[in-house]
Amino acid sequence: MASLTTPRVLQVRSLFGALIPYSRGLELQEALAEAVKRHLLPDQLLLLQHDKVYTRGKRGSEGDFHASPQQLRDWGIAVHDSPRGGETTYHGPGQLIAYPIVNLRAASLGARAYVERLEDTLIDTLGYYGIEAKGRIPGATGVWVGDRKIAAIGVRISNGVASHGIALNVSTDLSWFKHIIPCGAPDKGVTSVRDQVGGAETPEMVAPIFAKCFAARFGYDAFSPYMS
C-alpha cells in the first residue's frame with residue numbers, strides 16, 4: 001500500500017491520430033490494467049475516439065436494438081459485447097472516450113465513490129463550456145442536461161483496478177442513438193456539447209480540459225504532459 005508521502009501520478013495517453021477500433025481499445029486497456037495492477041506503471045488515462053460501434057454491457061440484451069442484425073450490417077456498424085457494466089450504447093466519431101486505468105485500492109476508493117467522481121469530472125468539464133449538467137440521478141447512470149444524456153459511464157473493476165470509463169458526446173452524430181435504447185432508458189433523449197452551445201468543439205479539443213478536471217477530482221499530485 002502506498003504511503004501518504006508517495007506522490008500519485010497520472011499518465012495521460014492521447015490517441016487522436018486515428019479512430020480506434022473498439023477491439024483495439026479493449027486490448028490497450030487490458031495491457032495497461034495488468035501493468036497498473038503489478039505496479040509497473042502509474043494510473044493511466046486513455047483519451048481517444050472510436051470508429052462507429054454499438055457496445056453491449058453486462059446488462060445489455062438483443063431487445064435494446066430497434067434495428068435487425070442485417071440492417072446493422074448494411075449500415076456498416078458492428079455490435080461488440082463488452083465486459084463493462086451497463087446496457088447498450090453507441091460510440092463513434094465526435095465522441096470523447098476516456099478510459100481511466102486506476103488502482104482503486106491505492107486511491108482508497110470504492111466503486112460507488114469512483115463512479116461519482118467520474119460524474120463530477122464530467123460536470124466540471126461541461127461547466128467549462130457553460131453547460132449545467134447533473135449526475136447522481138436514481139436509476140439513471142451518467143451525466144445529464146435536463147432529461148437528455150450527454151455522457152455515459154460504464155466501468156469494470158478487476159482485482160482492485162478500474163478500467164473502461166466514459167463517453168462524452170461532443171460533436172457526435174446523435175442519429176445513431178435512434179436505433180437502440182440508450183443505456184436502458186427508452187424514455188430519455190441524448191444531447192451533445194455542440195447541441196448545447198454550438199461552436200466547433202471536437203473531442204481532441206475537449207480532451208485536455210477533461211484530463212485536468214480528472215486529475216484535480218482524483219487528487220493526483222502530478223500528471224504527464226498532455227500528448228496530442
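Quick look at the numbers
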{"read-out": "Residues that are on the phi < 0 side of the Ramachandran plot, touching a Phe, Trp or Tyr at 6+ places or on another chain (Cβ under 6 Å) and modelled with pLDDT of 90 or more, drawn from segment 164-192", "value": "Val190"}
{"read-out": "Residue match in segment 189-203 (condition: in contact with a strand residue (DSSP E or B) (Cβ under 6 Å, 6 or more places away or on another chain), of a type in the set (Asp, Glu) and more than 30 Å from Gln71 (Cα to Cα))", "value": "no"}
{"read-out": "Filter pass, Lys149 being among the charged types (D, E, K, R), touching a residue at least 40 places away in the same chain (Cβ under 8 Å) and outside any strand (DSSP E or B)", "value": "no"}
{"read-out": "Hits in segment 1-56 - residues which are in contact with a helix residue (DSSP H, G or I) (Cβ under 9 Å, 6 or more places away or on another chain), among the hydroxyl-bearing types (Ser, Thr, Tyr) and surrounded by fewer than 16 Cβ atoms within 10 Å (Cβ to Cβ)", "value": "Thr6"}
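Each row is one residue, and each column tells you yes or no for (1) free of Cβ contacts under 8 Å to residues at least 24 places away in the same chain; (2) closer than 23 Å to Ile209 by Cα; (3) hydroxyl-bearing (Ser, Thr, Tyr); (4) assigned to a loop (DSSP other than H, G, I, E, B).
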{"position": "Gly86", "(1), (2), (3), (4)": "no, no, no, yes"}
{"position": "Pro93", "(1), (2), (3), (4)": "no, yes, no, yes"}
{"position": "Ile97", "(1), (2), (3), (4)": "no, yes, no, no"}
{"position": "Arg112", "(1), (2), (3), (4)": "yes, no, no, no"}
{"position": "Val115", "(1), (2), (3), (4)": "no, yes, no, no"}
{"position": "Leu118", "(1), (2), (3), (4)": "no, yes, no, no"}
{"position": "Ile123", "(1), (2), (3), (4)": "yes, yes, no, no"}
{"position": "Gly130", "(1), (2), (3), (4)": "no, yes, no, yes"}
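The values are calculated or read from the model by the stated rules, or taken from the named source; none is laboratory data. Since the structure is predicted, the reported quantities are computational estimates derived from the model, not experimental observations. Cβ coordinates were reconstructed from backbone atoms using ideal geometry, including for glycine residues, and neighbour counts include every protein chain displayed.
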